[in-house]
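Following: one structure in structure tokens, then a few remarks.
The values are calculated or read from the model by the stated rules, or taken from the named source; none is laboratory data. Please read all numbers here as calculations on a predicted model, not as lab measurements. Glycine gets a Cβ as well: all are built from the backbone with ideal geometry, and neighbour counts include every protein chain shown. We work out accessible area using only protein heavy atoms, side chains counted, and drop any ligands, DNA or RNA first. Shrake-Rupley method; radii C 1.70, N 1.55, O 1.52, S 1.80 Å.
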Amino acid sequence: MFRDGNCNFLRTSHYPDSEEFLDACDELGLFVGSEAPMCWSPGAGHRELLVGQTLAMVRYNRRHPCILYWSLGNESQWGADFAASAEAVKAFDPSVPRIFSDGGGYNAPVELISRHYPGLNGPNAVAKAAKPTIFDEYIHLNCYNRHELETDPGLRDVWGRGFEVMWDKMRASQGCLGGSIWA
């Protein structure tokens with residue numbers, strides 16, 4: 001369904017990827033942003049756990065050509081633990097870029113910048129960013145308002161028009177690599 005919908009990238013947010021899922025992505029030519037199971041971490045005080053689980057993800061998934069980048073965590077504070085994790089991942093697999101998913105770590109020592117919910121001006125704002133930027137979480141699906149979707153199916157059409165505007169802006173931006181729809 002993703003390929004039929006002209007999608008070529010999936011972000012797997014802070015949950016381990018199954019072997020079957022990654023095998024299917026390899027076969028279908030879908031890129032995957034593989035993310036460590038870290039979310040809302042203060043960035044210090046859990047180094048052994050954070051580094052250990054992140055390296056386990058990299059060891060487990062690195063044989064898959066679909067992996068586009070390693071995400072060190074989601075919506076957390078950059079700190080000593082994430083710095084240690086970033087260094088460990090780079091030492092273990094220097095061939096795949098790293099990202100720190102919108103934890104305010106825009107200056108984190110990783111190869112890609114993450115932005116969540118950048119708004120319609122987001123693609124223009126990152127056009128001259130120091131590093132390539134991906135909106136690895138943006139445009140919520142209409143998934144939290146099921147009652148409205150049942151009673152007003154036209155809501156899907158309105159939502160789709162917003163997609164088109166954002167996609168056009170992302171394609172025109174020199175600094176934006178693309179985006180990943182949340183939910």
> Can you run phi through the Karplus equation (6.51, -1.76, 1.60; θ = phi - 60°) for region 115-128 and list ³J(HN,Hα) in whole Hz, with x for Gly and Pro?
Replying inline: 9, 9, 6, x, x, 5, 8, x, x, 5, 5, 9, 4, 10
> Using the alpha-carbon centroid of each, what span in Å lies between region 43-116 and region 159-180?
Replying inline: 25 Å
>> Full-extension gain between ARG47 and THR151, please, as 0.36 nm times their residue separation minus the C-alpha to C-alpha distance.
In response: 32.6 nm
>> Given R₀ = 25 Å, what would the calculated FRET efficiency be for LYS131 paired with ALA80, taking r from the Cβ atoms and rounding to 0.05?
In response: 0.70
>> Test of understanding: what is the full-extension gain from SER95 to ASN8, defined as 0.36 nm times their sequence separation minus their Cα-Cα distance?
In response: 29.3 nm
>> Keeping all protein chains in place and using 1.4 angstrom, which order do LEU149, LEU155 fall into by accessible surface area, from largest down?
In response: LEU155, LEU149
> For region 6-58, what % of the accessible area comes from carbon and sulfur atoms, probe 1.4 Å?
Replying inline: 60 percent
> Relative contact order for the chain using alpha-carbon pairs under 8 Å, separation at least 6, rounded to a whole percent?
Replying inline: 17 percent
> What does the accessible area of TRP78 come to, in Å² to the nearest 10, when a probe of 1.4 Å is used?
Replying inline: 80 Å²
>> Ranking request for peptides 170-177, 17-24, 32-39: highest mean number of other beta-carbon atoms within 10 Å first, then the rest in descending order.
In response: 32-39, 170-177, 17-24
>> Tell me the angle of helix 80-92 to the major Cα principal axis of the chain, expressed in degrees between 0 and 90 and rounded to the nearest ten.
In response: 80 degrees
